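The values are calculated or read from the model by the stated rules, or taken from the named source; none is laboratory data. Bear in mind that the values here come from a model prediction, so they are computed numbers and not experimental data. Neighbour counts are summed over all protein chains in view; Cβ atoms, including those assigned to glycine, are modelled from backbone coordinates with ideal geometry. Accessible surface areas use protein heavy atoms only, side chains included; no ligands, DNA or RNA. Shrake-Rupley method; radii C 1.70, N 1.55, O 1.52, S 1.80 Å.
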Amino acid sequence: MDILLQPFQYEFFRNGTLAAVLTGALCGLIGVYIVLRGMSYIGHGLSHAIFGGAVVSFVMQWNFYLGAGVWGFIAAILINQTVRRTKIGADAAIGVITTASFAVGVALISRYRRFTRSFDAALFGNILGVTWQDVFVVAAVTVLVGGLIFFLYKQLLFTTFDAEVARIYGVKTEWVDTLFALALAAALIVSMQIMGVTLIAAALVVPAITARLLTDSFNRMIMYSIVIGALTGFFGMYFSYYIDVASGATIVLLQAVVFGVALGITTYQKRVERLVHTHV
Amino acid sequence: MQPLLELKDVSFSYGVTPVLEGVSLHLHPGQFAALVGPSGAGKTSLLRLLLGTLQPTHGEVLLHGRALKEGLTPQVGYVPQLETVDWRFPVTVEQVVLMGRVRRASVWPWPSAADKQLVNETLERLDLAGLAGRHIRDLSGGQQQRVFLARALISEPDLLVLDEPTTGVDVRTAENVLHLLAHLNQQGITILMTTHDLNAAAAHLPWVICLNRRVVAQGAPEDIFTTDILNETYQGDMLVIRQGGMLFVQQKPHGHSYREVVPNPVPGHTPVDEAENGYPAPAISI
């Protein structure tokens with residue numbers, strides 16, 4: 001038993017695990033809306049944009065969360081407005097805006113080489129660096145985003161299902177989109193230290209698509225996605241300690257395994273159902 | 001009587017391409033009207049103008065005598081084309097219908113007892129009782145159409161707008177949908193719909209508006225479904241047949257039948273000639 005609980009003796013591990021569970025649940029929640037809107041690529045793009053903001057914050061000596069947050073939010077709004085007001089599609093807008101933002105970060109790093117190591121951590125995740133303050137920020141963002149989605153549940157559901165018709169029925173879809181972009185940017189920023197920029201997109205998308213495979217109910221999809229995100233966060237952290245692999249990578253690999261199992265089970269169930277129908 | 005909906009000299013264009021030019025029309029409370037015209041005639045743009053999602057480049061759209069301004073959404077129950085619905089979306093019949101209450105919804109994510117009651121009553125009214133918990137994909141075409149109609153009705157609209165409600169469903173379902181709309185209209189609901197089905201419009205609708213960038217004609221189908229008006233609307237050769245108090249509209253055949261294009265459409269099968277069996281060859285034109 002002591003061997004199993006060994007990693008929890010360390011404060012960094014306790015902090016990291018708590019942060020991984022919270023970010024897993026948070027990404028699981030937001031991911032449902034991302035997946036159902038067909039915007040899976042935005043998590044990938046926006047995390048890269050936020051990386052640019054993080055580097056700028058570092059150089060300008062701004063508060064990391066504030067600087068990266070404002071940068072990410074502006075990138076999300078720019079993407080939204082570019083898609084709304086021009087002929088450019090969402091994928092192209094995400095590609096241009098977020099890659100340019102990421103390039104700003106890379107350019108600044110190459111110019112000021114002294115902080116290269118910190119940004120390796122931002123790119124690939126560094127659980128050792130998670131402090132109590134970080135856990136507090138993750139918890140606060142999780143509560144705020146959870147609250148936002150709770151109180152905007154009906155508007156978000158309608159906007160996600162059919163934004164144009166939702167507008168006709170009186171939903172202020174521009175406000176809903178703006179608040180959602182803000183929530184997404186906040187979730188990505190607090191997840192960056194755990195998952196790393198390069199892996200956040202998977203943490204956003206994989207629990208949600210796994211949940212989608214398991215249910216046809218929107219509410220159950222949200223619950224399953226949160227639980228899958230939180231559990232893979234916990235066990236991913238735990239396994240990463242023993243196999244000595246980066247925490248972000250272990251969490252995403254575990255999520256991929258869960259997705260594979262869900263895909264296998266649902267495919268088998270469908271095949272059995274088809275056979276039963278054929279023979280009845 | 002003040003019109004419920006009024007378009008005054010409305011024009012609209014996408015960039016330099018005019019879509020609607022000088023459209024003026026009225027819809028009075030209790031009217032049941034169809035908007036007909038060829039693809040690209042501006043039907044969808046006209047619907048969007050009165051739904052408030054597009055703004056006219058000239059003229060104004062009034063609902064209850066008040067001009068629709070940008071950002072203001074009118075109390076209109078809208079039923080989109082079934083083809084535009086994402087059927088893979090994980091949503092139940094009850095959730096879709098409840099979307100119609102979003103304007104009056106409380107801040108809590110769950111529906112109020114009153115809203116649940118209203119959903120049940122509306123589903124019962126549209127013969128959908130017992131389907132509240134079903135996924136929308138698991139319903140028949142007619143049931144799916146009625147679910148979106150239920151969503152529109154539960155919003156307690158001044159006007160019900162349907163975009164091609166008979167497209168994408170079989171003939172019997174289309175017939176049932178039109179009967180249901182006529183029934184709702186008899187209960188006092190004002191309805192405006194677009195359709196490509198001129199025969200259904202002739203049989204079921206008391207008022208038809210022929211549109212092709214401008215209003216070509218409007219009135220009862222028996223008055224305005226004439227060869228001249230339909231030719232002008234559709235820019236083609238239309239054939240109007242009146243028989244036994246009924247009205248049939250058909251595009252004139254192009255003068256070549258499928259036999260001329262594909263002499264033997266089924267390999268190994270020789271088509272029976274008209275002269276052999278005494279019946280005319282199928283009037284399919286390609």
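Quick rundown of the values:
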read-out: Hits in segment A:204-228 (condition: small (Gly, Ala, Ser) and either over 25 Å from B:Val91 (Cβ atoms) or at pLDDT 95 or above (or both)); value: A:Ala208, A:Ala211, A:Ser225
read-out: Pair list, Cβ under 9 Å, 6 or more apart: segment B:90-109 residue farther than 21 Å from A:Leu214 by Cβ and within 7 Å of another protein chain (Cβ to nearest Cβ), other residue of a type in the set (S, T, N, Q) and open to solvent by less than 30 Å² (accessible area, probe 1.4 Å); value: B:Met99/B:Ser155; B:Gly100/B:Thr122; B:Gly100/B:Ser155; B:Val102/B:Ser155; B:Arg103/B:Ser155
read-out: Unmet criterion (only one of (1) free of Cβ contacts under 8 Å to residues at least 60 places away in the same chain; (2) within 13 Å of another protein chain (Cβ to nearest Cβ); (3) of a type in the set (A, V, I, L, M)) for B:Val61; value: (2)
read-out: Residues satisfying the stated conditions in segment A:1-14, i.e. open to solvent by 10 Å² or more (accessible area, probe 1.4 Å) and not aromatic (Phe, Trp, Tyr); value: A:Met1, A:Asp2, A:Ile3, A:Leu4, A:Leu5, A:Gln6, A:Gln9, A:Glu11, A:Arg14
read-out: Hits in segment B:136-157 - residues which are buried (at least 18 other Cβ atoms within 10 Å of the Cβ) and either outside any helix (DSSP H, G or I) or of a type in the set (D, E, K, R) (or both); value: B:Arg146, B:Arg151, B:Ser155, B:Pro157
read-out: A:Ala76 vs. criteria assigned to a helix (DSSP H, G or I), at pLDDT 85 or above and of a type in the set (Gly, Ala, Ser); value: no
read-out: Strands (runs of 3 or more DSSP E) completely within segment B:158-257 that count 1 or more residues being closer than 30 Å to B:Arg103 by Cα, of a type outside the set (Phe, Trp, Tyr) and in contact with a helix residue (DSSP H, G or I) (Cβ under 6 Å, 6 or more places away or on another chain); value: B:159-163, B:190-194
read-out: A:Ile88 more than 17 Å from A:Arg37 (Cβ to Cβ), at pLDDT below 90, open to solvent by 20 Å² or more (accessible area, probe 1.4 Å) and not in a helix (DSSP H, G or I); value: yes
read-out: Verdict on A:Thr160 being at the interface with another protein chain (Cβ under 9 Å from one of its Cβ atoms), under 19 Å from A:Met221 (Cα atoms) and not charged (D, E, K, R); value: yes
read-out: Residue ID - modelled with the lowest pLDDT, chosen from residues in segment B:60-97 that are open to solvent by less than 50 Å² (accessible area, probe 1.4 Å) and in a helix (DSSP H, G or I); value: B:Leu82
read-out: Candidates A:Val171, A:Val137 - the one that is closer than 22 Å to A:Ile34 by Cβ, out of contact with any Leu (no Cβ under 8 Å at 6 or more places or on another chain) and not in a helix (DSSP H, G or I); value: A:Val171
read-out: Residues of segment B:115-135 that turn out to be in a helix (DSSP H, G or I), open to solvent by 70 Å² or more (accessible area, probe 1.4 Å) and over 17 Å from B:Ala182 (Cβ atoms), as a count; value: 5
read-out: Extreme residue, nearest to the other protein chains (Cβ to nearest Cβ), among residues of segment A:172-203 that are crowded, with 24+ Cβ neighbours inside 10 Å and more than 21 Å from A:Gln133 (Cα to Cα); value: A:Phe180
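Quick grid of which residues meet (1) open to solvent by less than 10 Å² (accessible area, probe 1.4 Å); (2) at pLDDT 90 or above; (3) of a type outside the set (S, T, N, Q):
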residue: B:Pro3; (1), (2), (3): no, no, yes
residue: B:Leu7; (1), (2), (3): yes, yes, yes
residue: B:Ser11; (1), (2), (3): no, yes, no
residue: B:Val16; (1), (2), (3): no, no, yes
residue: B:Glu21; (1), (2), (3): no, yes, yes
residue: B:His28; (1), (2), (3): no, yes, yes
residue: B:Leu35; (1), (2), (3): yes, yes, yes
residue: B:Leu47; (1), (2), (3): yes, yes, yes
residue: B:Thr53; (1), (2), (3): no, no, no
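Here is a yes/no grid of residues against (1) at pLDDT below 90; (2) open to solvent by less than 10 Å² (accessible area, probe 1.4 Å); (3) touching a Ser or Thr at 6+ places or on another chain (Cβ under 8 Å):
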| position | (1), (2), (3) |
| --- | --- |
| B:Leu162 | no, yes, yes |
| B:Thr166 | yes, no, yes |
| B:Thr173 | yes, no, yes |
| B:Asn176 | yes, no, no |
| B:His183 | yes, no, no |
| B:Gly188 | yes, no, no |
| B:Asp197 | yes, no, yes |
| B:Cys210 | no, yes, yes |
